[in-house]
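In what follows, a structure is listed as structure tokens, so that the remarks can point back to it.
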Amino acid sequence: MMRVGNNGWVQGEPLVRPSNGTRERPGPPLVRIEEVTKRFNGVAAVDRVSLDIQRGELFAILGSSGCGKTTLLRMMAGFEQPTSGRILIDGVDMTHVPPYERPVNLMFQSYALFPHMTVTQNVAYGLKKERVAAAEIKARVAEMLALVRLEALADRRPARLSGGEQQRVALARALIKRPKLLLLDEPLAALDKKLREHTQFELANLQYQLGTTFVVVTHDQDEAMTLACRIAVMEQGRIAQVGTPGEVYEYPTNRFVADFVGNINLIEGRVTHVEGARLKLHCESIGAELTALSEESFAPGGAACLAVRPEKIMISRSRPEAPNHNVLKGVVWDLGYFGDQSLYRVRLPSGAVMQVSAQNLRRSASLTVEWDDEVYLSWDVASTIVLRE
Amino acid sequence: MTAEEATSGTNTGRWLHRAVLLPYLWLLLFFLAPFLIILKISFAEPIVAQPPFTPLLEWSEQGFEGVTATFENYTFLFQDGYYGIIYLASLKMAAIGTLLCLLLGYPMAYYIARQSPRRREILLLAVILPFWISFLLRVYAWIGLLNTRGVINDALLWLGVIDQPLELLYNDFAVYLGIVYSYLPFMILPLYATLERLDLDLLDAAADLGAKRWQVFLDVTLPLSMPGIIGGCLLVFIPAVGEFVIPALLGGADTLMIGRVLWDEFFISRDWPVASAVSIVLVLLLVAPIIWFQHIQSREQEAGR
């Protein structure tokens, strides 16, 4: 049920959203995708995907172009039929129900606003097709336009709106029927950077206010991270990992996710010693022994891939006195200064290059670490991600 | 155009002006001049002479004598109900022909616009292909097809579908057939152009918001293809009203179309002034829909397309 307060979706309002996870997790999922496969001319665009999306969740499907995320979205909307598998929405099998009979609305990447209709007519369209009484349509459209702050532009045609305004019309039009599920296809892709950052908070706030389940499809990991309660990372038609932004970033379960989300240093290694959860690995590429922790069981001699985020690595000119840390020595090969932080590329004696990012915590016009400096890299053993090959 | 473009484009701009001037001169010479001559003749009186009408400006040895103009030809047109009937009959035939073209052309254009780019090219080529053969020849070919001893009747007789040849030729049916056959490409091409540009997301959006397929068509496809519909209808309707060849070759004795009347007035009655008045009224009848179309278009542009 939609609730719209007077202060609905106002800029500058503090974000009252649980940092992660949904508000009410228990209960049956709103969307259940069961073993869904979609083939186009024999090629699987979506390959045996199973996914549960909870009620009230802001769920993101993240992947590069061609990974099948849009096909999955279009199947939820009803524009494509799965080759096999089922899609249940609110417990009802919707696999073969046409789009116009689903409690689902889609906000298109192109917005797809009707160019021959005004803002009001665009927003009212869904209700007209539902044969809602004229007076109610008027009231609900006014309420919705207020929610997205478009009252002043009600009689404009879409061509005379800015990109941000068009995006809000598209959102209002998709929400007017009070769908159980709102699908958003790259909702922010067409906006410029400043507006995008601003809008993504507005979008998250709106979702929280309305309590509608949102599924956002995006190729932009920042967008997915900031917006979503949970993220499904897709690769070649399959789901590589599902988790909260924190889980996906800090605890990737496979090499693809580790590499796709954020920057990371990947180091191939061979397990030499196992002691409980503590692994020692010999890493040929960097010519060093590294220590890592893993809950999974590894046998000595097995191959593994270590992954370390650049911000987890400390850089210093003197050898750090840190127990339980992996320490490497190298030379600063390249450095980028971004004001708030600096990005270093450090070449190890073996020739391998590690990425390190450091916050510039102290004000100084000159950096403590410069080009060609000999430096030590160190990171906590617990910050090392161990991935099975 | 921004100021920058305007200054950097002066050179090309001047060339463009010159290039555009040529077709304008062409139109001036070969459209406007004959039109003015016809307009002049329409105010003259018929005489048995060479040319067969009185001059507008009278000159004698003393010099300019004065202007002789008469509205009699026009009053004659309006008093004699015959012309009114023929105008209406022509408009009716052109309108029905246009409607038939629209009803046939719209699904065709829609179908072509939804094909893969490669198939589209082939299908469009097929639409344009008849233009490679002379128009007159193609209309003549229909005589061979529709005759009582023509291909169609022969085939139907041979198949035993009929035992008497059908009267397919020299009637209104044959004229409609000729109009639809000849002008269908003029309908399909502008329709195709608008339908091909149509953003398919809009159709999905309408379906997503609860519109069934026919509602999607009525609410989105049809209004957005309006420029193509109007353009196609004008391209068919305007030449069809004044059509001469099709009714002359395929029409019956009772097929009344203004093109034939014009021909008769000029070359059989040799009444050039009345014939000229007939054509001037025809032009005025046709200018109205063009102005209307221009008006719609400019309004459309103002609304931001």
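Annotations
- Across segment A:54-104, the qualifying residues are those that are of a type in the set (Asp, Glu) and either within 28 Å of A:Val248 (Cα to Cα) or away from chain B (no Cβ under 14 Å) (or both), and the one among them that is surrounded by the most Cβ atoms within 10 Å (Cβ to Cβ) is A:Glu57.
- B:Ser182 meets all of the listed conditions (1) over 19 Å from B:Ala109 (Cα atoms); (2) of a type outside the set (Phe, Trp, Tyr); (3) in contact (Cβ under 8 Å) with a residue 60 or more places away in the chain but one, namely (1).
- Inter-residue pairs, beta-carbon under 9 Å, first among the hydroxyl-bearing types (Ser, Thr, Tyr) and in segment B:266-292, second surrounded by 12 or more Cβ atoms within 10 Å (Cβ to Cβ) and not in a helix (DSSP H, G or I), 6+ apart: B:Ser269/B:Pro46; B:Ser276/B:Phe43; B:Ser276/B:Ala44; B:Ser276/B:Phe53; B:Ser279/B:Gly242
- Test: A:Met107 is under 16 Å from A:Leu171 (Cα atoms) and surrounded by 21 or more Cβ atoms within 10 Å (Cβ to Cβ): yes
- Only one of the listed residues (B:Gly228, B:Gly210) is assigned to a loop (DSSP other than H, G, I, E, B), over 13 Å from the mean Cα position of the chain (by Cα), surrounded by 16 or more Cβ atoms within 10 Å (Cβ to Cβ) and modelled with pLDDT of 90 or more. That residue is B:Gly210.
- Test result for B:Leu218, within 13 Å of the chain's Cα centre (by Cα) and either within 14 Å of another protein chain (Cβ to nearest Cβ) or assigned to a helix (DSSP H, G or I) (or both): no
- Tally of residues being in a helix (DSSP H, G or I) and either within 12 Å of another protein chain (Cβ to nearest Cβ) or under 21 Å from the mean Cα position of the chain (by Cα) (or both) across segment A:150-163: 3
- Scanning segment A:364-379 for residues that are at pLDDT 85 or above and either in a loop (DSSP other than H, G, I, E, B) or aliphatic (A, V, I, L, M) (or both) gives A:Val369, A:Glu370, A:Trp371, A:Asp372, A:Asp373, A:Val375, A:Leu377.
- Qualifying residues in segment A:172-202 (those that are in a helix (DSSP H, G or I) and within 14 Å of chain B (Cβ to nearest Cβ)) - the one surrounded by the most Cβ atoms within 10 Å (Cβ to Cβ): A:Arg173
- Only residues that are closer than 11 Å to B:Ala206 by Cβ and more than 7 Å from every other protein chain (Cβ to nearest Cβ) were counted across segment A:114-127, and they come to 2.
- Failed item, numbered, when A:Thr226 is tested on (1) assigned to a strand (DSSP E or B); (2) under 26 Å from A:Pro179 (Cα atoms): (1)
So that you can scan it fast, the table gives a plain yes or no per residue for (1) closer than 14 Å to B:Ala275 by Cα; (2) assigned to a strand (DSSP E or B):
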site	(1), (2)
B:Gln50	no, no
B:Phe64	no, yes
B:Ala69	no, no
B:Leu77	yes, no
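- Looking only at residues in segment B:191-215 that are facing another protein chain (nearest Cβ under 7 Å) and acidic (Asp, Glu), the one that is nearest to A:Pro103 (Cα to Cα) is B:Asp208.
- Residues in segment A:36-53 that are of a type in the set (D, E, K, R) and at positive phi: A:Arg48 only.
The values are calculated or read from the model by the stated rules, or taken from the named source; none is laboratory data. Model, not experiment: these values are computed from the prediction. Positions of Cβ are generated from backbone atoms using ideal geometry, with glycine treated the same way; all protein chains shown enter the neighbour counts.
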